[in-house]
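Structure first, commentary second.
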């Protein structure tokens with residue numbers, strides 16, 4: 001993951017007035033419609049506020065961008081289900097991601113958390 005790009009995206013969300021008015025459930029939709037080649041990674045606590053960490057994969061190799069783009073929707077569904085407490089549903093979408101992109105670090109991370 002390109003950490004500096006992810007932190008930039010997080011900072012962008014914190015400085016954008018529309019993002020400040022959004023409910024956490026709307027963040028994924030906001031990013032899909034506003035920025036390209038961005039995918040969710042985790043939800044983090046920043047003091048008393050919950051924020052989201054995103055990976056900006058625009059500078060990845062063509063192969064990696066393609067793998068991440070093709071699995072992005074399933075990964076988003078998995079993380080939405082995860083953070084909503086629907087772990088069985090999250091597992092289904094994580095498995096879909098890993099079938100297409102077996103080395104996906106984000107999907108692998110959440111799959112290990114489900115198994116642990």
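The values are calculated or read from the model by the stated rules, or taken from the named source; none is laboratory data. Not measured: the values here are computed from a predicted model. Every residue, glycine among them, receives a Cβ derived from its backbone with ideal geometry; neighbour counts consider all protein chains shown.
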Pairs, please: C-beta under 8 Å, at least 6 apart or cross-chain, first residue without any contact (Cβ under 8 Å) to a residue 12 or more places away in the chain and at negative phi and in region 50-68, second in a strand (DSSP E or B) and buried (at least 18 other Cβ atoms within 10 Å of the Cβ)? none
Test residue 109 against the criterion of being surrounded by 14 or more Cβ atoms within 10 Å (Cβ to Cβ) and in a helix (DSSP H, G or I), and give yes or no. no
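Can you tell me which residues in region 90-106 are touching a helix residue (DSSP H, G or I) at 6+ places or on another chain (Cβ under 7 Å), in contact (Cβ under 8 Å) with a residue 24 or more places away in the chain, assigned to a helix (DSSP H, G or I) and under 21 Å from residue 44 (Cα atoms)?
90, 106
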Tally up the residues in region 56-89 that are modelled with pLDDT under 85 and either closer than 20 Å to residue 114 by Cβ or assigned to a strand (DSSP E or B) (or both), please. 1
